[in-house]
Amino acid sequence: MMYNEYINLFWLERDIMNEIYFDNAATTQVCDEAVQAAIQAMTATYGNPSSLHRMGLDAENTVNRARKILAGALGCQPGELTFTSGATESNNLAVFGAVKAYRRSGNKIVTTSVEHPSVAGPVAELEQQGFEVVRISPDATGHFQAQDFEDAVDENTLLVTLMHVNNETGMKLPIEQIAQRVKRKNPGVILHVDAVQSFCKISFKLSKTPVDLMSVSGHKIYAPKGIGALFVRKGVRVLPQVFGGGQERGLRSGTESVPLIAAFGASVDKFSTNISKNRLLYVRLNEHLRELLSEIPDVTVNSPEDGVEYILNFSVAGIRSEIMLHFLESRGIYVSSGSACSKGARSGVLGAMGLPAERIDTAIRVSFGYTNTDRQVRQFVQVLQEGINTLVKQK
Ligand code: PMP
């Protein structure tokens, strides 16, 4: 079978028009603007940005246009952005690269107990190598206190690394307050924020907050998978983890993926200018979903009231997440059990919030995208109720 025939099978097997995709925190459908930008870069400006001829220059201009768009959205200078293969690479580069550059300024890393594995993994690796690691947990109400970060930071702290929005529950961390406080306590500390779940969804400007490093990813905001960026504030040092041709000012060698970068630029252009409009949609969908779920006695919401509107995590008493997930899937509805990245592993985030194992093992995450509708929310809750009736009976 030719590869194209294999790909076409996906379209034939599924009734795509009637599917409900509520897993946008895991990944998103690429928007038309990003598709067009990628096609243009693959078929017209397909030169190597390092080539000295005009084809090279056109490709370089394509990359720089996207860089400028991202810089505008983030409130930074284009030269402060490095394109990577995604946020996993951005997070690794930020944590290992900053620690390597500032090794002499201390031995302590402050982070949280709810980080994505692409931050938690590098930090655990550094702990193995002898760094002291302090992991801050949310309080009993599921919130992080800026004071806890201030207390944990001392003159021996070289790095603070934390996320902006938690991918499993939608919990927001008060990064503005945390940034002010940790910088006041130790101005030399390097502050890294994993902004994957907030970029282009929450208004935030790097010009207003003293964050040194920030990771973002394309595929959470309707660009393809495999493209991300790392913001490195001017004057802050990060040592490269990949050596080669010296692209991206030596910080990330390797021929730039012009099509993916162009697509990322197009999606950021579209979604960074639509934050308030999309937020209104998510507020409505979230309120609607919470209201309908409150009528089902078996359901308990795990997301905090003041979390982001586009992620809602809840537990269905007595039905394991995977069982419900597959029931919903059989009706053409796609959600996550906790975090898609953990593939069935028990959620550390819900555990860190102090939830009992039963609640964790029955957790479902719904995450909205800009094409979701009220009708889909109603249909989802109907099918969920159907699942509760049939699956509980099966026990
Ligand atoms: N951080 C967070 C908070 C995430 O949700 C994800 C994606 N699940 C990542 C980092 C990793 O991003 P990428 O898939 O681009 O490597």
How much length, in nm to one decimal, is gained on full extension between Thr371 and Lys277, taken as 0.36 nm per residue of separation minus their Cα-Cα distance? 32.6 nm
So what J values fall out for segment 374-386 if you push phi through Karplus, 6.51 cos²θ - 1.76 cosθ + 1.60 with θ = phi - 60°, rounded to Hz, Gly and Pro as x? 4, 4, 5, 4, 4, 5, 4, 5, 4, 5, 4, 4, 4
Among the listed pairs Lys100/Lys225; Lys68/Lys208; Lys172/Lys277; Lys172/Lys205; Lys68/Lys185; Lys183/Lys220, those beyond 25 Å (Cα-Cα): Lys100/Lys225; Lys68/Lys185; Lys183/Lys220
Quick one: putting +1 on the C-beta of Lys and Arg, -1 on the C-beta of Asp and Glu, what dipole do you get for segment 32-270 around its Cα centre, in Debye to the nearest 20? 640
First check a/c for segment 201-263, with a ≥ b ≥ c the square roots of the eigenvalues of its C-alpha gyration tensor; if it is under 1.5, answer rounded, and if not, answer prolate when a/b is larger than b/c or oblate otherwise. oblate
Any idea what diffusion coefficient segment 43-147 gets from Stokes-Einstein, in µm²/s, Kirkwood Rh on alpha carbon pairs, 25 °C, 0.890 mPa s? 145
Most exposed first by the Cβ proxy, i.e. fewest other Cβ within 10 Å, how do Lys108, Lys185, Lys234 rank? Lys234, Lys185, Lys108
Here the net charge surrounding Val238, from other residues whose Cβ is less than 13 Å away from its Cβ (Lys, Arg +1; Asp, Glu -1), is +3
Can you work out the Karplus-derived ³J(HN,Hα) for every residue in segment 219-231? Use 6.51 cos²θ - 1.76 cosθ + 1.60 with θ = phi - 60°, whole Hz, and x for glycine or proline. 6, 8, 10, 6, 9, x, 6, x, 9, x, 8, 10, 8
Could you tell me the largest-minus-smallest coordinate of the C-alpha atoms of segment 252-381 on each of the three principal axes, in descending order and whole angstroms? 50, 34, 31
Inverse of mean 1/r across different Cα pairs in the chain, Kirkwood, Å: 22.1
Cβ-Cβ cut-off under 12 Å around Ser51, Lys and Arg +1, Asp and Glu -1: the net charge is -2
Out of all DSSP beta bridges in segment 32-270, what portion is antiparallel? Express it as a percent rounded to 5. 40
Would you mind computing, in nm to one decimal, how far apart the modelled labels at Leu9 and Asp306 are, each placed 7 Å from Cα along Cα→Cβ? 5.1
Tally Lys/Arg at +1 and Asp/Glu at -1 over every other residue whose Cβ is under 12 Å from the Cβ of Arg365; what's the total? -2
For segment 150-214, count the residues as N, evaluate 2.2 N^0.38 Å, and divide the Cα radius of gyration by that value, please. 1.10
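Values in this text are rule-based calculations from the coordinates and carry no lab data. Keep in mind that what you see is a predicted model, and the values were worked out from it rather than measured. Counting neighbours? That spans all protein chains shown, and the Cβs are built from the backbone with ideal geometry, glycine included.
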